[in-house]
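In what follows, a structure is listed as structure tokens, so that the remarks can point back to it.
The values are calculated or read from the model by the stated rules, or taken from the named source; none is laboratory data. Quick caveat: nothing in here was measured; it's all calculated off a predicted structure. FYI the Cβ positions are ideal-geometry reconstructions off the backbone, even for glycines, and counts take in every protein chain you see. Keep in mind that these areas ignore ligands, DNA and RNA; they rest on the heavy atoms of the full protein, side chains included. Shrake-Rupley method; radii C 1.70, N 1.55, O 1.52, S 1.80 Å.
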Amino acid sequence: MTNLGGGRFFRRLFLSYALLVVAASSTIGWLVLGHLRDLSLREFTKSLEGTARVLAATASANPAHLWSRQLRQQIDEVSRDTGLHLTYALSDGRILAESSPHSGPATSRLLALPEIQDARTHRYGVARRALGDAGDHLLVAVPILLEYELIGYVRAGLPLSPLAGRAESLRNRVALGASLAGSLALLLGFVFARNVTRPLEAVADTCRALGAGRLDARVGLSRNDEFGVVARTVDDMAADLQRRIDEETRERRRLTALLAAMTDGVVAVTARGTIAFINEVALRVLALDSAAAREARFAEVAKPAAVVEVYREALDSGSPVQREIRVAGHPHHTVLSVFAAPLYDSDGTPRGALVVLHDLTELRRLEEIRRKFSANVSHELKTPLAAIASLLDAMLDDTDMVPEVRNRFLGRMRDQTDRLQSLVQDLLALSRLESERAVLALTRVHAGTLVAPCMRMFAPLAEQKNIALETEVGPGSLWMHVDEKSARLVVSNLLQNAVHYTPPAGRVTIALSSRPDAVCIEVRDTGIGIAPEHVDRIFERFYRVDSARSRQVGGTGLGLAIVKHLTVAMGGQVSVESELGLGSTFRVQFRAAPSVEEAPRN
């Protein structure tokens with residue numbers, strides 16, 4: 001908003017106009033006053049000249065009157081009636097009569113006065129000067145001629161004080177008129193200046209607002225002159241600028257959101273080497289803090305030196321560079337694919353570089369698991385097949401083998417065949433789970449329904465090994481959402497491991513408990529336990545803490561992997577707590593279901 005006084009341009013324009021008005025008014029007033037003053041002097045001079053000529057003509061008609069006693073009385077009366085100062089003098093300079101008070105010059109000096117000299121040569125003379133104490137006078141002298149012969153002079157003088165008063169009055173009137181005219185001109189100039197500068201100020205204010213980022217600012221001036229054209233042009237430019245900036249902002253936000261949502265780390269580096277943009281993935285991979293990374297130099301804050309080397313190589317070569325690097329860490333090395341490419345303007349000027357970090361750790365880990373899985377499957381299949389083949393060869397080579405030995409060999413072959421069949425079944429089950437072809441029908445099942453059959457299944461084995469098999473049931477609802485067949489397989493595998501790896505005279509306990517949103521099934525044993533370095537890997541396929549003991553008890557190394565896959569597929573969680581030599585606790589949790597009045601009977 002512009003104030004009433006206007007801006008600097010308005011003040012400069014109005015001040016210049018005011019100075020011009022004042023100068024013009026002063027000049028005109030001075031010229032008018034000078035002209036009126038000159039006009040008044042001419043009028044007074046002409047009046048005095050006329051009076052003096054009348055007196056001179058009277059004296060020329062009656063020369064004897066110049067020496068009469070009535071001359072002095074006559075000029076006193078005329079002087080008293082008209083206020084004029086009259087002087088009669090002879091041609092030799094002698095003063096015959098003069099109106100009182102006598103303030104004229106001496107006789108010897110009269111002829112030297114300018115009005116007398118001018119009257120002698122130019123028929124009349126005019127002068128302005130002070131007459132004694134009477135002040136300034138306007139003096140006009142004319143010659144007295146007798147038959148074309150100069151016999152004397154008549155001089156009429158008028159005090160200039162009335163003229164000064166008249167001039168003062170004229171000066172006041174002229175000053176008043178000039179003031180009124182100047183004031184009117186200033187008022188009109190103010191209106192004109194405001195009319196001229198207000199649109200310019202509105203345009204300037206709008207431009208300043210646009211420069212400050214207020215893109216919705218508009219001039220909003222409706223005029224049909226040039227100012228209106230300028231205002232509409234500025235408004236159109238502002239609207240176009242706002243539209244373009246809005247588009248750029250939306251595009252930048254989409255790009256920022258896209259880069260932020262990427263699973264790859266992205267870093268944009270300026271030509272000065274500072275970080276212009278970095279997403280959360282890159283912050284995590286490079287171990288940077290978002291506040292410390294802002295406007296920091298990429299080569300100084302990026303932690304893996306190999307990443308900086310790839311970035312500098314791309315800048316030095318001027319072409320994209322891609323490297324796979326390994327960053328030491330615990331428990332595994334981090335594998336990164338680093339892609340760096342320099343950025344250029346359309347004219348070839350370097351603008352910086354783009355660094356993309358792709359985490360290959362999980363992919364490389366899966367590849368390693370796949371290689372180990374293939375090796376383990378080959379080994380697990382080869383072992384029973386080799387045993388069966390060797391037993392068959394022995395039986396074929398010894399046709400006279402006694403029945404007891406033959407039966408023992410056939411029993412060992414059956415054991416290896418069962419182991420091979422179990423391994424194939426576990427592989428097929430695990431394959432179905434990982435390929436997501438297994439269809440799980442989640443229903444409302446009571447935890448006791450799952451545990452009781454499993455307890456009955458392994459009771460003979462536990463009794464054979466003198467292992468106490470117990471059940472603990474906590475308070476609360478034990479209903480849960482699971483696939484009954486899959487959940488029973490989970491409990492069966494955990495119970496089987498607990499019985500197999502618990503030495504004689506040990507204890508295996510299945511504890512059921514309820515939580516606000518989950519049902520927990522714990523399988524606790526007093527077995528050999530698991531060392532801390534193996535705890536994180538026991539759910540991997542074919543991973544065995546003790547390979548020789550696992551094969552001795554008939555384990556395939558896939559049971560816990562199946563437990564984990566099935567539990568996660570049903571929306572549950574599995575965990576383990578173990579201490580070497582003291583036993584292990586495997587805990588699975590499933591989503592709770594609404595309770596009923598009575599639990600099912602086992």
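So the values come out like this:
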{"quantity": "Extension gain from Arg507 to Thr263, taking 0.36 nm per residue of separation minus the Cα-Cα distance", "calculated": "83.1 nm"}
{"quantity": "Euclidean distance of C-alpha centroids, the stretch 458-476 and the stretch 12-67, integer Å", "calculated": "144 Å"}
{"quantity": "Heavy atoms of Glu324 accessible to a 1.4 Å probe, total area in Å² rounded to 10", "calculated": "100 Å²"}
{"quantity": "Computed accessible area, Leu354, all protein chains, 1.4 angstrom probe, square angstrom", "calculated": "60 Å²"}
{"quantity": "Inter-probe distance in nm under a simple model that places probes 7 Å from Cα toward Cβ, at Asp415 and Arg284", "calculated": "4.9 nm"}
{"quantity": "Accessible surface, per residue, of the stretch 225-269 when the full set of protein chains is kept, probe 1.4 Å, Å²", "calculated": "69 Å²"}
{"quantity": "Portion, in percent, of the accessible area of the stretch 191-294 that falls on carbon or sulfur, probe 1.4 Å", "calculated": "56 percent"}
{"quantity": "Surface accessible to a 1.4 Å probe, Phe339 within the full protein complex, Å²", "calculated": "70 Å²"}
{"quantity": "Label-point gap, in nm, between Arg272 and Leu440 - each point 7 angstrom along Cα→Cβ", "calculated": "5.5 nm"}
{"quantity": "Surface share of carbon and sulfur [accessible, 1.4 angstrom probe, percent] for the stretch 447-534", "calculated": "55 percent"}
{"quantity": "Within straight-line cross-link reach of Lys303, aspartates and glutamates at Cα separation under 12 Å, skipping those fewer than 8 residues along the same chain", "calculated": "Asp289"}
{"quantity": "Segment Arg297-Glu248, length gained on full extension (0.36 nm per residue, minus Cα span)", "calculated": "15.0 nm"}
{"quantity": "Hits among lysines - C-alpha to C-alpha of Lys564 under 27 Å, sequence gap 8 or more where chains match", "calculated": "Lys372, Lys382, Lys485"}
{"quantity": "Arg406 versus Tyr148: modelled label distance in nm, points set 7 Å from Cα along the beta carbon direction", "calculated": "19.9 nm"}
{"quantity": "Peptide ranges 465-473, 304-312 listed from the most packed, as the mean C-beta count within 10 angstrom indicates", "calculated": "304-312, 465-473"}
{"quantity": "Potential extension, Leu461-Leu215 segment - 0.36 nm per residue separation minus Cα distance", "calculated": "80.3 nm"}
